[in-house]
Amino acid sequence: MEKVSVALSGGDAYRVSVRGHEFTVDQPPEAGGEGLGPTPVDLFVASLASCVGFYAGRYLARHGLPREGLRVETEYEMATDRPARVGEVRLRVVLPQDIGEARTRALAAVVDHCTVHNSLRQPPRVDIGIG
């Protein structure tokens, strides 16, 4: 099983350690934090967008198409009802060049099944222990 460690670093900021990488997660000042890093929700959406980007990049490489300039533009909104959660995510894959209608459809099918999106469709079991 993969491991991720999250430890309070002060205020509302947390230090995340994963596979030798470290970064800070915090809340924006208007939510009581210091804005030292992205929020957990930002990272949730970013993980989906970067997974889509990864799958798109692999598709392009596999078909000998250029990847330079590939990006995924993403917007999200929080749900207005309870429980607190992301209510909508909009992603747009921006390709470096036109790849034609057939390849665009195939690419759309590939990125629609990235690992993070699949995990949202079939959520993992989550066990939270205390102590």
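Rg and Dmax, both from the Cα atoms of the stretch 77-131 and both in Å, are 16.7, 55. In a simple Cβ point-charge model (Lys, Arg +1; Asp, Glu -1; nothing else charged), the chain has a dipole of about 680 debye relative to its Cα centre. Under 5 Å from the amide H of residue 71 lie the amide H atoms of 94, each residue being 5 or more positions distant or on a separate chain, with H modelled from the backbone and absent for Pro and chain starts. By a 1.4 Å probe calculation restricted to protein chains, residue 92 has an accessible surface near 130 Å², given to the nearest 10. Scattering from the stretch 33-83 was approximated by placing one identical point on each alpha carbon and applying the Debye formula without solvent; log10 I(q)/I(0) at 0.23, 0.25 1/Å stands at -0.91, -0.98. The heavy atoms of residue 2 offer some 150 square angstrom of accessible surface to a 1.4 angstrom probe. Residues 111, 126, sorted by accessible area with the largest first, give 126, 111 [1.4 Å probe; ligands and nucleic acids excluded].
Remark: the chain carries 72 Å² of accessible area per residue (probe radius 1.4 Å; ligands, DNA and RNA excluded). For the stretch 1-119, what % of the accessible area comes from carbon and sulfur atoms, probe 1.4 Å? After summing per-atom areas, the C and S share lands at 53 percent. From a point 7 Å beyond the Cα of residue 78 in the direction of its Cβ, which residues of the stretch 24-42 have a backbone N at a distance under 18 Å? Residues 25-42 fall inside that zone. Counting heavy atoms of the protein chains alone, residue 54 has an accessible area of about 110 Å² for a 1.4 Å probe.
Suppose R0 equals 25 Å. What FRET efficiency, 1/(1 + (r/R0)^6) with r the Cβ-Cβ distance, do residue 89 and residue 7 give to the nearest 0.05? Approximately 0.35, to the nearest 0.05.
The values are calculated or read from the model by the stated rules, or taken from the named source; none is laboratory data. Quick caveat: nothing in here was measured; it's all calculated off a predicted structure. Quick reminder, even Gly has a Cβ in these numbers, built from the backbone with ideal geometry, and neighbours come from all protein chains shown. Each accessible area value is taken on the protein alone, full model and side chains, heavy atoms only, with ligands, DNA and RNA left out. Shrake-Rupley method; radii C 1.70, N 1.55, O 1.52, S 1.80 Å.
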